[in-house]
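Taking it in order: structure first as structure tokens, then the write-up.
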Amino acid sequence: MARWKPDARARLEKAALALYREHGFAQTTVAEIADRAGLTERTFFRYFADKREVLFSGADVLQQQLVSALDDAPSALSAIDAVGRAVEAVAGLFEQRRDFARKRQAVISENAELQERERVKLASLASALADALRRRGIREPAASLAAEMGITVLRLAFERWINDKEDRQLARIMRDSLNELKLVTAGKG
């Protein structure tokens with residue numbers, strides 16, 4: 001095995017996704033993933049805590065960037081506009097890995113355990129955004145409502161983006177989705 005080749009993490013992700021799609025998530029083992037990647041199980045565990053984390057390992061970075069973008073948003077923006085700015089700011093994280101995102105989502109949609117893990121991740125992101133809004137002086141329930149709506153925009157725009165045949169930019173889809181939300185809440189949609 002060529003264990004010395006660079007980019008072990010990407011090789012493990014690629015191998016895991018291929019195996020999840022071929023055999024299903026539940027039937028795939030860490031040993032099979034490592035073998036397909038030409039690495040050892042020990043190397044796998046240097047990068048991922050378990051086989052689910054291949055699909056969810058970027059959650060911390062996503063949360064940090066969302067909160068940072070919200071913290072940096074101009075104070076004059078409304079809560080929903082500040083959250084919209086934060087959500088749009090993370091589009092680049094996904095844009096760089098569109099093919100991975102599509103394959104990842106296909107695996108998640110076929111497994112109830114992974115769908116639950118995804119919902120927990122999204123709830124955690126909403127909670128972090130609500131905390132950041134409260135630090136900006138937004139009171140409840142407005143902070144939680146704006147955060148939840150922002151994560152809903154992120155989720156729905158992401159789903160549209162991975163299925164988009166026109167290959168539009170995710171940031172544009174997010175912006176359009178936020179505008180649709182504003183129209184609905186204004187009673188115009």
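The values are calculated or read from the model by the stated rules, or taken from the named source; none is laboratory data. Because the structure is a prediction, the values reported are computed rather than measured. A quick note on method: Cβ atoms are made from the backbone with ideal geometry, for glycine too, and the neighbour counts reach across all protein chains shown.
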Given the criterion part of a helix (DSSP H, G or I) and touching a Ser or Thr at 6+ places or on another chain (Cβ under 7 Å), identify the matching residue among Ala126, Ala130, Ala146. Ala130
From the set of residues in the range 111-161 that are hydrophobic (A, V, I, L, M, F, W, C) and surrounded by fewer than 15 Cβ atoms within 10 Å (Cβ to Cβ), which is farthest from Lys182 (Cα to Cα)? Ala112
Looking at Asp35, Asp71, which is the one that is surrounded by fewer than 16 Cβ atoms within 10 Å (Cβ to Cβ) and more than 20 Å from Arg97 (Cα to Cα)? Asp71
If you go through the range 94-110 one residue at a time, do you hit one that is part of a loop (DSSP other than H, G, I, E, B) and surrounded by fewer than 13 Cβ atoms within 10 Å (Cβ to Cβ)? yes
Could you tell me whether any residue of the range 63-81 is in contact with a helix residue (DSSP H, G or I) (Cβ under 6 Å, 6 or more places away or on another chain) and in a loop (DSSP other than H, G, I, E, B)? yes
Looking across the range 40-51 at residues that are touching a helix residue (DSSP H, G or I) at 6+ places or on another chain (Cβ under 6 Å) and not β-branched (Val, Ile, Thr), the single one that is nearest to Ser109 (Cα to Cα) is Lys51
I'm trying to understand the selection: among the residues of the range 30-80, which are under 30 Å from Gly137 (Cα atoms) and among the acidic types (Asp, Glu)? Asp60, Asp71, Asp72
Verdict on Arg46 being surrounded by 14 or more Cβ atoms within 10 Å (Cβ to Cβ), in a helix (DSSP H, G or I) and of a type in the set (Lys, Arg): no
In the list Asp131, Asp50, Asp72, Asp81, which residue meets the criterion of being outside the structural domain of Arg168 (by TED's automatic domain parsing) and over 20 Å from Glu159 (Cα atoms)? Asp50
